[in-house]
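Novice: The following block contains the structure, expressed as structure tokens.
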Amino acid sequence: MIYTLTLNPSIDYVVHMDAFISGITNRTAAEEYYVGGKGINVSCILSRLGHTSTALGFTAGFTGREIENVLRQWGIHTDFVRLKEGISRINVKVKAECESEINAQGPPVSREEWEQLLQKTDNAVNGDTFVLAGSIPPTVVRNAYECFLQRLHNRNVRVVVDAAGQLLMDCLAYRPFLIKPNRQELSELFGTTLIDLSDIQRCALTLRQKGARNVLVSLGAEGAVLFAENGKVYHSGVVPGKAKNTVGAGDSMVAGFLSGYEQQEDYAYALKWGTACANATAFSSGLAEKQTIWEMFGRL
Ligand SMILES: Nc1ncnc2c1ncn2[C@@H]1O[C@H](COP(=O)(O)OP(=O)(O)OP(=O)(O)O)[C@@H](O)[C@H]1O
Ligand SMILES: [Mg+2]
């Protein structure tokens, strides 16, 4: 089983308008909503690839129920801790002359509810995968990922960490199976600009020395490079085309990589699936559909 964690899932309410003027009543030209969260994105792509995953995290109130409903409709198994207070957040995205976002804080999490979530990791057994993606919300303990990693340690569970900065660094000692920094995250970690592949290689190898088993560096439109545990380096480009939306491309890459690795424990094959999913999302208006993913896989 693949478990994904989304500590603070959201409903993203997207409003389109020609112009947004503050201080008056604005009217929208169109509106839509999506269920959001990095772990949820990974579960969504996994499901489109035919893998059942279990989404873990916190939900609350009517928005929390809707998030769980949508996930179940997508064929994702849900095992969230339902919080007693508040509602799962609604993030507002205004698309006018420019894009503005109002991101909510999310519902409060009690000590007891936090413990309940941690206990759910005990279901993960030998050969399972656990995906920790995104930042830690202000409503839970700062060292949340370390708490999960301590609990999963020595259980032969493959852990994936897609996070930035010190949060990622603190996870390395637990020997995560995979980390996936993008170019900006990698350069921020080392306080340097990454000019060429040798800079990227130097930083990625340092992360491996600190404990990461496989380091997948995604480089947006320039593709990705995998510094694998077997000492080999694997490169992938992108299918030529114009990107529509790159939000969630990295999450799609993580999902595709895991799917490929589950099918065949082969890094080149896993990277090819990761790239197909990431490219498919970049060329779609939301997360990629199955058909686009297969089309991209055929063109790589
Ligand atoms: N403009 C693009 N054209 C084609 N493929 C792209 C483009 N941008 C991203 N991708 C694909 O998506 C992968 C991940 O992209 P990126 O490095 O932007 O991830 P990210 O910043 O972690 O994304 P996110 O965190 O929003 O999910 C790239 O390696 C590439 O395969
Ligand atoms: Mg990312």
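The values are calculated or read from the model by the stated rules, or taken from the named source; none is laboratory data. What you see is a predicted model; the values in this text were computed from it and never measured. No Cβ is skipped: glycine too gets one built from the backbone with ideal geometry, and neighbour counts run over all protein chains shown. These area figures cover heavy atoms from the full protein model, side chains too; ligands, DNA and RNA do not enter into them. Shrake-Rupley method; radii C 1.70, N 1.55, O 1.52, S 1.80 Å.
Novice: Percent of accessible area on the chain owned by carbon and sulfur, 1.4 Å probe?
Specialist: Answer for the chain is 48 percent, counting heavy atoms of protein chains only.
Novice: Now for a separate question. Quick one: net charge of Glu99's neighbours, Cβ under 15 Å, K/R +1, D/E -1? Kindly include the intermediate steps, with their values, before the conclusion.
Specialist: Numbers: positive: Lys93, Lys95, Lys244; negative: Asp12, Asp18, Glu31, Glu32, Glu97, Glu101.
So the surrounding residues net to -3.
Novice: What is the dipole size for region 129-253, taken about its Cα centre, with +1 at each Lys and Arg Cβ and -1 at each Asp and Glu Cβ, in debye to the nearest 20? Present the calculation step by step, with values, prior to reporting the outcome.
Specialist: On the way: 14 positive and 10 negative charges, 73 e Å.
The calculated dipole for region 129-253 is roughly 340 debye.
Novice: Could you list, in their original order, any pairs among Lys93/Lys180; Lys95/Lys180; Lys84/Lys290; Lys93/Lys210 whose Cα atoms are separated by more than 32 Å?
Specialist: On the way: Lys93/Lys180 26 Å; Lys95/Lys180 29 Å; Lys84/Lys290 36 Å; Lys93/Lys210 38 Å.
Table pairs above 32 Å Cα-Cα are Lys84/Lys290; Lys93/Lys210.
Novice: Mind listing the phi-derived Karplus ³J(HN,Hα) values for region 113-128, rounded to whole Hz, using 6.51, -1.76 and 1.60 with θ = phi - 60°, and x for any glycine or proline?
Specialist: 5, 4, 4, 4, 5, 4, 4, 5, 5, 5, 6, 6, 10, 2, x, 6
Novice: Within region 229-249, whose backbone N sits under 12 Å from a point 7 Å along Cα→Cβ of Leu300?
Specialist: Taking a point 7 Å out along Cα→Cβ of Leu300, the residues of region 229-249 whose backbone N falls under 12 Å are 235-239.
Novice: Any idea which of Thr25, Asn156, Gly250 is furthest toward the positive side of the dipole for the chain, if Lys and Arg beta-carbons carry +1 and Asp and Glu beta-carbons -1?
Specialist: Going by the Cα projections, it comes out as Asn156.
Novice: Can you pull out the trypsin sites (Lys or Arg not before Pro) in region 98-188 whose DSSP state is coil and whose Cβ has at most 12 other Cβ atoms within 10 Å? Let's see the in-between values first.
Specialist: On the way: sites: Arg111, Lys120, Arg142, Arg151, Arg155, Arg158, Arg183; in loops: Arg142, Arg155.
Passing both the DSSP loop test and the Cβ count: Arg142.
Novice: Further, regarding this structure: So between Asn103 and Thr192, what do we pick up on full extension, going 0.36 nm a residue minus the alpha carbon distance?
Specialist: Here the segment from Asn103 to Thr192 would lengthen by 29.1 nm.
Novice: Treating the beta-carbon of each Lys and Arg as +1 and of each Asp and Glu as -1, no other charges, what is the dipole magnitude of region 85-203 about its Cα centre, to the nearest 20 debye?
Specialist: Once rounded to the nearest 20, the dipole reads 280 debye.
Novice: I'd like the trypsin sites (Lys or Arg not before Pro) in region 1-68 restricted to DSSP loop residues with at most 14 other Cβ atoms within 10 Å, sorted by number.
Specialist: Working: sites: Arg27, Lys38, Arg48, Arg65; in loops: Arg27.
Filter output for region 1-68: Arg27.
Novice: Between Met1 and Leu118, what FRET efficiency follows from the Cβ-Cβ distance if R0 is 22 Å, with the result rounded to 0.05?
Specialist: Calculated transfer efficiency: 0.80.
Novice: Excluding ligands, DNA and RNA, what is the solvent-accessible area per residue of the chain at a probe of 1.4 Å, expressed in Å²?
Specialist: Accessible surface, normalised per residue, equals 47 Å².
Novice: Distance in nm between label sites at Arg142 and Ala29, each 7 Å beyond Cα in the beta-carbon direction?
Specialist: It works out to 4.5 nm between the two label points.
Novice: Let me ask another. Along region 31-45, what does the Karplus equation 6.51 cos²θ - 1.76 cosθ + 1.60 (θ = phi - 60°) give for ³J(HN,Hα), rounded to whole Hz, x for Gly and Pro?
Specialist: Per residue, the Karplus-derived 3J(HN,Hα) values read 8, 8, 9, 10, 8, x, x, 5, x, 5, 4, 4, 4, 4, 5 Hz.
Novice: Where in region 266-297 is the amide nitrogen less than 14 Å from a point lying 7 Å along the Cα-to-Cβ axis of Glu229?
Specialist: Zone members listed by number: 266-268.
Novice: Each residue of region 78-90 in turn: what ³J(HN,Hα) in whole Hz from Karplus with 6.51, -1.76, 1.60 and θ = phi - 60°, glycine and Pro shown as x?
Specialist: Once rounded to whole Hz, the list reads 10, 9, 7, 8, 7, 7, 6, 10, x, 10, 4, 6, 10.
Novice: Determine the distance separating the Cα centre of region 91-166 from the Cα centre of region 196-230; give it in Å without decimals.
Specialist: 23
Novice: Further, regarding this structure: Take every DSSP beta bridge whose two residues both sit in the chain, then give the antiparallel share in percent to the nearest 5.
Specialist: DSSP beta bridges in the chain are roughly 40 percent antiparallel.
Novice: Still on this model: Any chance you could list P(r) for the chain, counting all Cα-Cα pairs in 10 angstrom bins from zero, rounded to whole %?
Specialist: Using 10 Å bins, I get a P(r) of 6, 27, 35, 24, 7, 1 for the chain.
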